[in-house]
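Okay, structure first, notes after.
The values are calculated or read from the model by the stated rules, or taken from the named source; none is laboratory data. The structure displayed is predicted, hence computed values, not measured ones. Neighbour counts are summed over all protein chains in view; Cβ atoms, including those assigned to glycine, are modelled from backbone coordinates with ideal geometry. Surface areas here come from the heavy atoms of the whole protein model, side chains and all, with no ligands, DNA or RNA. Shrake-Rupley method; radii C 1.70, N 1.55, O 1.52, S 1.80 Å.
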Amino acid sequence: MILYPAIDIRGGQAVRLTQGDYDRETAYDADPVDAAKRWAGEGAEFLHVVDLDGAKAGEPRNLDAIESIVAAVECPIQVGGGLRDPAAIAAVLEAGAERVVIGTAALRDPEFLDSVLAKHGERVVVAVDARGGDVTLSGWTEATGLDVAETVGRLERRGVTRFLCTEIDVDGTMEGPALDGLVRIAMATSAQVIASGGVGDLSDLKKLALEAESLDNLEGVIVGRALYERKFTVAKATATLQDTQRS
């Protein structure tokens, strides 16, 4: 499994939200580039960057910060937040992102998803966010009633090769990942799955790595708050994932 340190940008700062609530924000770095350098310096293989302002506005709002992060680190980054039209996708890729992460638009606009997949292929990650097993949209503010596992299966048939799956109720809580839901999602698709939400200590990473032994498409895990609060380092987290899978 790959560790993806998270950098969520809002108002020019690196922040974290609790359970996707914009009113429950904690700011950690005044400059997101500082976070990127820290994670890369500790050995990050890939960074996960979210433009929270863009997610709310429906269009990218932090392209300058993305360009600065790309210039500051050698590891690749994937970027999401407000990517709902071809121009937004192009802007983020031109800013230097290796992958784009789309969520709301992937479910609301099948023709858009098809065109993005046709043009960018495996550089496209589809974010499927869930609360209680149902998909949510628009920065986690809109319930759909769609079953998350069924949705992942349907999107794979359209050509999606990688999903980012977040359980909102545990995101930012550090209370542990929602393993049952994650396993259900991973079993519903042969596409790669990146888990997000709830990791609070190294034991959580061990549990995910053990699941990855039987689910060969569980590719990685996004971690934010636990890294910012120094519950463990990127280097220690990476070693834990690798050692667990080797044992």
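Numerical summary
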item: Residue, surrounded by the fewest Cβ atoms within 10 Å (Cβ to Cβ), within the stretch 119-150, restricted to residues that are in contact with a Lys or Arg (Cβ under 6 Å, 6 or more places away or on another chain) and in contact (Cβ under 8 Å) with a residue 60 or more places away in the chain; result: GLY139
item: Selection count where residues are part of a strand (DSSP E or B) and small (Gly, Ala, Ser), scope the stretch 91-112; result: 0
item: Test: residue in the stretch 22-45 that is hydroxyl-bearing (Ser, Thr, Tyr) and more than 30 Å from GLU175 (Cα to Cα); result: no
item: Residues satisfying the stated conditions in the stretch 48-85, i.e. assigned to a loop (DSSP other than H, G, I, E, B) and surrounded by fewer than 20 Cβ atoms within 10 Å (Cβ to Cβ); result: GLY58, GLU59, VAL73, GLU74, CYS75, PRO76, ASP85
item: Pair list, Cβ < 9 Å and 6+ apart or interchain, from the stretch 221-233 residues that are of a type in the set (S, T, N, Q) to residues that are open to solvent by 10 Å² or more (accessible area, probe 1.4 Å); result: THR233/GLU42; THR233/GLY43
item: Flag for GLY220 being out of contact with any Phe, Trp or Tyr (no Cβ under 8 Å at 6 or more places or on another chain) and closer than 18 Å to GLU45 by Cα; result: no
item: Residue among GLY153, GLY198, GLY181 that alone is within 29 Å of ARG38 (Cα to Cα), touching a residue at least 12 places away in the same chain (Cβ under 8 Å) and open to solvent by less than 50 Å² (accessible area, probe 1.4 Å); result: GLY198
item: Verdict on ALA88 being in contact with a Gly (Cβ under 7 Å, 6 or more places away or on another chain), assigned to a strand (DSSP E or B) and surrounded by 21 or more Cβ atoms within 10 Å (Cβ to Cβ); result: no
item: Listing of strands (runs of 3 or more DSSP E) fully contained in the stretch 120-224 that carry 1 or more residues being hydroxyl-bearing (Ser, Thr, Tyr); result: 134-137, 142-147, 162-167, 192-196
item: Criterion violated by VAL116 - all others in (1) outside any loop (DSSP other than H, G, I, E, B); (2) crowded, with 21+ Cβ neighbours inside 10 Å; (3) touching a residue at least 40 places away in the same chain (Cβ under 8 Å) satisfied; result: (3)
